[in-house]
Amino acid sequence: MTYLLTIVTTIAVIAFLIPRAEEWGLLDYPGDHRKHTTATPSIGGIAMFAGSAIGTAWYSPNWWLTTPLFISGGFMLAIGVWDDRHKTTYFFRFVGQLIAATIMIKAGGVILDDLGYLISDQLLPLNRWSVALTLFGTVGVINALNMSDGVDGLAGGLALVTLLSLIIVAGVAGSIQDTNILMIIACSVVAFLLFNARIFGHQSARTFMGDAGSMWLGLTLSWFLINLSQGEARAMAPVTALWIMAVPLIDAVSSLVRRAIKGRSPFQADLAHYHHYLLALGCSVNQTLMIAIGCALVFAAVGILGWYANVPEHVMFFGFLGAFAIYMLGMELADRTITARRRVQTEK
């Protein structure tokens, strides 16, 4: 009943908001680095948050236990809605993300105490760096998911892979409340994807999640990635969290590094993400989506199986760095291939 209520609520809110999006200033217009061709409502984030909040309130008799999750998430959502309406600066979003992450730390008690056995057989405690690295990691995950929101269904699909991975981890660890809340949030994402992915004959998205949705989901994923990877009875290692969120994280860091190498601002949006390159190389939107989701599933499976197979955490970490290096080389090759094709077309 709880999961059905979540799905129905999310769909109902989407249906209510779509015809009101223009009046409320929540239409995403084509232009700049955006690939869509028609103005599209950016109300998916509001709907997913509403569905998740109502579903959680219905499920949890101790609603107050989950209140910090939705207070910090609600603040992040509000910042995102304001940004979707007014197209604010990166600095405004960054400050809002830091405040939301601080609420998560102070009110929710969600904080990185250590990085596990990341580089050796010795535990790597963070001590006085705990808060700073928690803020850094949370803001990083938020922006990684935000950068992935460039193809219909992509950000939601990648978030769903991460949620399902966390559901497995929490379920195996016996964390019933975390498992159920993650299931509720996953249901809201599934309901959103019915309107965002190119399925059932639809040739374009009927709604976007907007910055409100990507930032809220990013913060929420950070909450569980951190919470389930800390403490003596942790459900997974911190390095497992990297593998579960691998595709958005690797792409985001790669984009920042490559922009800096080319002398551009790391924070200036462009068309140099892997999904843009796949489209330029001739893949359709849905083919691009399936490739990305497939890679995300493989990464998540490697991370989870590595944890349950007791593969040393530092081995998993250096393996992750190896995957990042391969990705960087692949992106450089793709960039050269696309540039050469464009040069030939121009000469013709």
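Among the residues of the stretch 243-284, which ones are surrounded by fewer than 16 Cβ atoms within 10 Å (Cβ to Cβ) and of a type in the set (Lys, Arg)?
Scanning the stretch 243-284 gives LYS262, ARG264.
If LEU112 satisfies every condition in (1) within 17 Å of GLY137 (Cα to Cα); (2) in contact with a Ser or Thr (Cβ under 7 Å, 6 or more places away or on another chain); (3) part of a helix (DSSP H, G or I) but one, which is the exception?
So LEU112 meets the others, but not (3).
Can you tell me which residue among ASP121, ASP149 is part of a loop (DSSP other than H, G, I, E, B) and within 16 Å of the chain's Cα centre (by Cα)?
None of the others qualify; the one that does is ASP149.
Which ones in the stretch 311-348 are farther than 20 Å from VAL253 by Cα, at pLDDT below 90 and in contact with a helix residue (DSSP H, G or I) (Cβ under 9 Å, 6 or more places away or on another chain)?
Matches in the stretch 311-348: THR337, ILE338, ARG341, ARG342.
Tell me, please, whether a residue that is out of contact with any Pro (no Cβ under 9 Å at 6 or more places or on another chain), of a type in the set (Val, Ile, Thr) and farther than 16 Å from LEU145 by Cβ can be found in the stretch 212-221.
Taking every residue of the stretch 212-221 in turn, none turns out to be out of contact with any Pro (no Cβ under 9 Å at 6 or more places or on another chain), of a type in the set (Val, Ile, Thr) and farther than 16 Å from LEU145 by Cβ.
Would you mind telling me which numbered condition in (1) among the polar types (S, T, N, Q); (2) closer than 27 Å to HIS202 by Cα; (3) in contact with a Lys or Arg (Cβ under 8 Å, 6 or more places away or on another chain); (4) free of Cβ contacts under 8 Å to residues at least 60 places away in the same chain GLN287 fails?
Condition (3) is where GLN287 drops out.
Look at ARG259 and say whether it is among the charged types (D, E, K, R) and in contact with a Pro (Cβ under 7 Å, 6 or more places away or on another chain).
Working: among the charged types (D, E, K, R): yes; in contact with a Pro (Cβ under 7 Å, 6 or more places away or on another chain): yes.
When the stated conditions are applied, ARG259 passes them.
When the stretch 165-177 is examined, which residues are found to be touching a residue at least 40 places away in the same chain (Cβ under 8 Å), surrounded by fewer than 21 Cβ atoms within 10 Å (Cβ to Cβ) and assigned to a helix (DSSP H, G or I)?
ILE168, VAL172, ALA173, GLN177
Would you kindly identify the helices (runs of 4 or more DSSP H) lying entirely within the stretch 187-275 that contain at least 2 residues that are of a type in the set (Gly, Ala, Ser)?
On the way: elements: 210-227, 238-244, 246-261.
Hits in the stretch 187-275: 210-227, 246-261.
Within 20 Å of the chain's Cα centre (by Cα) and either part of a loop (DSSP other than H, G, I, E, B) or surrounded by fewer than 15 Cβ atoms within 10 Å (Cβ to Cβ) (or both): which single residue out of PHE92, PHE70 fits that description?
Of PHE92, PHE70, the one residue that is within 20 Å of the chain's Cα centre (by Cα) and either part of a loop (DSSP other than H, G, I, E, B) or surrounded by fewer than 15 Cβ atoms within 10 Å (Cβ to Cβ) (or both) is PHE92.
Sort out which residues of the stretch 240-269 are over 10 Å from MET147 (Cβ atoms), modelled with pLDDT under 90 and not hydroxyl-bearing (Ser, Thr, Tyr), and write them in order of number.
Across the stretch 240-269, the qualifying residues are VAL257, ARG258, ARG259, ALA260, ILE261, LYS262, GLY263, ARG264, PRO266, PHE267, GLN268.
Across the stretch 207-265, what is the number of residues that are over 27 Å from GLY108 (Cα atoms) and free of Cβ contacts under 8 Å to residues at least 60 places away in the same chain?
So the answer is 8.
Among the residues of the stretch 9-24, is there at least one that is among the small types (Gly, Ala, Ser), outside any helix (DSSP H, G or I) and touching an Asp or Glu at 6+ places or on another chain (Cβ under 7 Å)?
No, because not a single residue in the stretch 9-24 is among the small types (Gly, Ala, Ser), outside any helix (DSSP H, G or I) and touching an Asp or Glu at 6+ places or on another chain (Cβ under 7 Å).
Going by the conditions given, is PRO19 modelled with pLDDT of 90 or more and crowded, with 19+ Cβ neighbours inside 10 Å?
In short, no.
The values are calculated or read from the model by the stated rules, or taken from the named source; none is laboratory data. These numbers come from a predicted model, not from an experiment. Neighbour counts are summed over all protein chains in view; Cβ atoms, including those assigned to glycine, are modelled from backbone coordinates with ideal geometry.
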